[in-house]
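The next block holds one structure in the form of structure tokens; read it before the comments.
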Amino acid sequence: MAKASTKSAHFTCQSCGATSTKWSGRCESCKEWNTIVEEKPLSDGPKSSKAMGGIRGKHLELTDLATKQAAPTRTTAGVDELDRVLGGGLVAASALLVGGDPGIGKSTLLLQAAARFARNGLKVIYISGEESTNQVQMRAERLGLTESPVLLASESNLRDILTTLDNESPDLVIIDSIQTMWLDTVEAAPGSVSQVRSAAHELTTFAKRNHIAVIMVGHVTKDGQIAGPRVIEHMVDTVLYFEGERGHQFRLLRAVKNRFGPADEIGVFEMTSKGLAEVKNPSALFLADRGKPTPGSVVFAGIEGSRPVLCELQALVAPSPTPNARRSVVGWDGGRLAMILAVLESRCGVPFTGLDVYLNVAGGMRINETGADLAVAAALISAREDAALPSDCVIFGEISLSGALRPVAQTENRLKEAQKLGFTTAICPQQKKRGGDAGLDLKQMTDLPEFVEQIFGARDVSGA
Ligand code: TYD
Ligand code: MG
């Protein structure tokens with residue numbers, strides 16, 4: 001008996017989406033406890049095939065889709081920060097996922113985008129499963145969007161939504177959020193992995209067949225209570241993440257996957273009382289609060305997607321009161337910090353043993369580039385030696401385990417941006433081929449020991 005029931009059963013981890021044939025207290029793949037729940041198989045016999053009946057009978061979808069993908073028609077929102085992240089505008093009949101923490105501003109962003117696309121000629125339906133149409137309307141009023149012809153609906157039953165879409169034939173539908181949607185053919189609670197996955201699957205298939213673009217909102221939570229949108233990332237053409245720190249006004253829209261444009265592209269917005277405003281010059285924003293030169297503070301000339309972004313790295317190094325010294329990082333990779341500390345210690349004789357190390361990227365920015373290595377090393381030594389670097393200097397470059405400095409991509413773009421913002425010096429790795437210096441005084445170095453000696457040379461860095 002028990003065997004028969006487990007055979008048809010299907011256990012899914014609500015945190016990572018891993019499936020197994022038997023229940024266990026802890027998920028093998030993500031190691032979370034109590035996240036495994038029994039769920040009905042997705043292809044559940046006649047029930048679901050009956051439900052698909054309404055959109056059967058087209059035989060050439062694949063051919064249609066192929067020809068349309070070859071020459072995607074795009075609609076721009078007229079908001080550069082958004083259009084760039086989309087790869088140059090919204091592609092007709094594409095499926096997008098916009099993920100982010102609750103309350104970060106996803107609904108605000110998409111309502112504003114919906115209004116822009118509607119003004120530019122698309123028929124847009126905004127479906128909220130979280131707010132009533134009244135609430136959405138009130139928000140639209142506050143954002144000054146009431147003139148835009150967006151159709152609103154408050155619904156979470158996907159069957160009803162698909163019927164409506166069939167009748168209305170819009171160009172774009174926005175689903176806010178995919179976690180609130182539910183299908184009557186799936187016997188699991190809304191927000192569970194099976195519901196989210198099936199709902200996303202039905203929506204994207206339907207939208208592609210009917211040539212409708214669909215944007216789905218997905219909340220990401222760390223505690224695994226709500227199924228993460230990660231389980232549907234592979235189903236969509238484009239995955240955008242909307243990020244930002246709560247205490248800060250600005251928000252980053254980042255393309256982590258894009259079938260129709262470059263990934264890693266970012267758009268920068270600022271949350272104001274009238275909704276999200278574009279930030280055309282993010283470097284100026286990230287460096288706005290910089291005061292006089294302080295030890296531990298370094299300006300890193302970075303690249304996000306295709307655009308240069310300058311931001312400030314701050315380090316603090318202090319004697320540790322405990323035997324286990326702390327390493328705390330905000331906005332950068334902790335593993336990478338450990339590596340830089342090890343290289344500094346073994347190749348340059350700058351030990352950090354017994355010292356607490358704090359590293360922070362100012363303004364709530366998150367850096368994913370290894371090109372920040374040298375700037376991090378500079379901030380760490382500057383903090384340790386209590387020696388400020390000149391305030392008109394930018395730093396970038398990758399550090400290898402041998403202590404050698406490796407050139408990074410788009411050096412000229414970084415230099416140009418630094419020059420535009422009034423910097424006069426740049427410390428960077430030796431370039432193999434000669435490029436322009438954008439009018440900056442370049443200090444090119446080959447390895448980390450040389451950097452330490454040249455910049456902090458006058459000091460006895462090894463004498464702790
Ligand atoms: P919201 O778009 O509802 O977030 P999400 O859909 O990602 O959960 O945004 C919520 C936050 O944005 C809320 O804390 C208030 C703030 N906000 C503004 O600061 N200005 C505005 O004009 C709007 C509409 C929201
Ligand atoms: Mg919302």
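Within the stretch 89-101, the only residue that satisfies the criterion of being more than 9 Å from ligand 1 (Cβ to nearest atom), farther than 15 Å from Val173 by Cβ and surrounded by fewer than 22 Cβ atoms within 10 Å (Cβ to Cβ) is Gly89. Which numbered condition trips up Thr322, out of (1) over 25 Å from Glu453 (Cβ atoms); (2) surrounded by 18 or more Cβ atoms within 10 Å (Cβ to Cβ); (3) among the hydroxyl-bearing types (Ser, Thr, Tyr)? With (1) over 25 Å from Glu453 (Cβ atoms); (2) surrounded by 18 or more Cβ atoms within 10 Å (Cβ to Cβ); (3) among the hydroxyl-bearing types (Ser, Thr, Tyr) applied to Thr322, the lone miss is (2).
From the residues in the stretch 407-457 that are among the basic types (Lys, Arg) and closer than 26 Å to Gly305 by Cβ, which one is surrounded by the most Cβ atoms within 10 Å (Cβ to Cβ)?
Going residue by residue through the stretch 407-457, those that are among the basic types (Lys, Arg) are 414, 416, 420, 432-434, 443.
In the following step, the residues that additionally are closer than 26 Å to Gly305 by Cβ were identified as 414, 416, 420, 432-434.
Numbers: Arg414: 25, Lys416: 18, Lys420: 14, Lys432: 7, Lys433: 6, Arg434: 6.
Applying the filter and picking the extreme gives Arg414.
Scan the stretch 131-153 residue by residue and report those that are surrounded by 16 or more Cβ atoms within 10 Å (Cβ to Cβ) and among the small types (Gly, Ala, Ser). Scanning the stretch 131-153 gives Ala140, Ser148, Ala153.
When Pro390 is tested against (1) surrounded by 17 or more Cβ atoms within 10 Å (Cβ to Cβ); (2) assigned to a loop (DSSP other than H, G, I, E, B), only condition (1) is not met. Looking across Glu155, Glu141, one residue alone is within 15 Å of ligand 1 (Cβ to nearest atom), without any contact (Cβ under 8 Å) to a residue 40 or more places away in the chain and among the charged types (D, E, K, R). It is Glu141. The condition of being at pLDDT 70 or above, within 16 Å of ligand 2 (Cβ to nearest atom) and assigned by TED's automatic domain parsing to the domain that holds Arg230 holds for only one of Val91, Val98, Val85, that being Val98.
Just one of the numbered conditions (1) within 16 Å of ligand 1 (Cβ to nearest atom); (2) more than 22 Å from Thr205 (Cα to Cα) is not true of Ile127: (2). For the stretch 154-169, the set of residues classified as more than 28 Å from the chain's Cα centre (by Cα) and more than 15 Å from Asn210 (Cα to Cα) consists of Asn157, Arg159, Asp160, listed by residue number. Applying a threshold of 7 Å to beta carbon distances and a minimum spacing of six or more residues, or different chains, the list of pairs starting in the stretch 423-444 at a residue that is assigned to a loop (DSSP other than H, G, I, E, B) and ending at one that is among the acidic types (Asp, Glu) reads Phe423/Asp392; Thr424/Asp392; Thr424/Asp441; Gly435/Glu412; Gly436/Glu412; Ala438/Glu412. As for the stretch 102-116, it holds no residue that is within 12 Å of ligand 1 (Cβ to nearest atom), in the same structural domain as Val231 (by TED's automatic domain parsing) and assigned to a strand (DSSP E or B). Here Ser273 fulfils each of the conditions (1) among the polar types (S, T, N, Q); (2) surrounded by fewer than 24 Cβ atoms within 10 Å (Cβ to Cβ); (3) away from ligand 1 (no atom under 15 Å from the Cβ); (4) at negative phi apart from (3).
Of the strands (runs of 3 or more DSSP E) lying entirely inside the stretch 194-295, the ones with 3 or more residues being within 16 Å of ligand 2 (Cβ to nearest atom) and outside the structural domain of Ala418 (by TED's automatic domain parsing) are found at 213-219, 238-243. Scanning the stretch 284-294 for residues that are buried (at least 18 other Cβ atoms within 10 Å of the Cβ) and either free of Cβ contacts under 8 Å to residues at least 60 places away in the same chain or over 18 Å from Glu245 (Cβ atoms) (or both) yields nothing.
Is it true that some residue in the stretch 357-376 is in a helix (DSSP H, G or I) and loosely packed, with under 15 Cβ neighbours inside 10 Å? Can you show your working first?
Taking the stretch 357-376 as the starting set, the residues that turn out to be in a helix (DSSP H, G or I) are 362-364, 370-376.
Keeping just the survivors that are loosely packed, with under 15 Cβ neighbours inside 10 Å gives none.
Looking for residues that are in a helix (DSSP H, G or I) and loosely packed, with under 15 Cβ neighbours inside 10 Å, one finds none in the stretch 357-376, hence no.
The residue that is farthest from Arg230 (Cα to Cα), among those in the stretch 132-181 that are in contact with a Leu (Cβ under 9 Å, 6 or more places away or on another chain) and either assigned to a strand (DSSP E or B) or not assigned by TED's automatic domain parsing to the domain that holds Lys274 (or both), is Val150.
Checking each residue in the stretch 102-150 for being more than 17 Å from Leu86 (Cβ to Cβ), aliphatic (A, V, I, L, M) and within 14 Å of ligand 2 (Cβ to nearest atom) picks out Ile104, Ile127, Val136, Met138, Ala140, Leu143. Residues in the stretch 333-356 that are in contact with a helix residue (DSSP H, G or I) (Cβ under 9 Å, 6 or more places away or on another chain), in a helix (DSSP H, G or I) and not basic (Lys, Arg) were compared, and the one that is surrounded by the fewest Cβ atoms within 10 Å (Cβ to Cβ) is Met339.
Screening Leu111, Leu65 for residues that are at pLDDT below 90 and touching a Lys or Arg at 6+ places or on another chain (Cβ under 8 Å) leaves exactly one candidate, Leu65.
The values are calculated or read from the model by the stated rules, or taken from the named source; none is laboratory data. The model shown is predicted, which means the values in this text are computed figures rather than measured ones. Glycine gets a Cβ as well: all are built from the backbone with ideal geometry, and neighbour counts include every protein chain shown.
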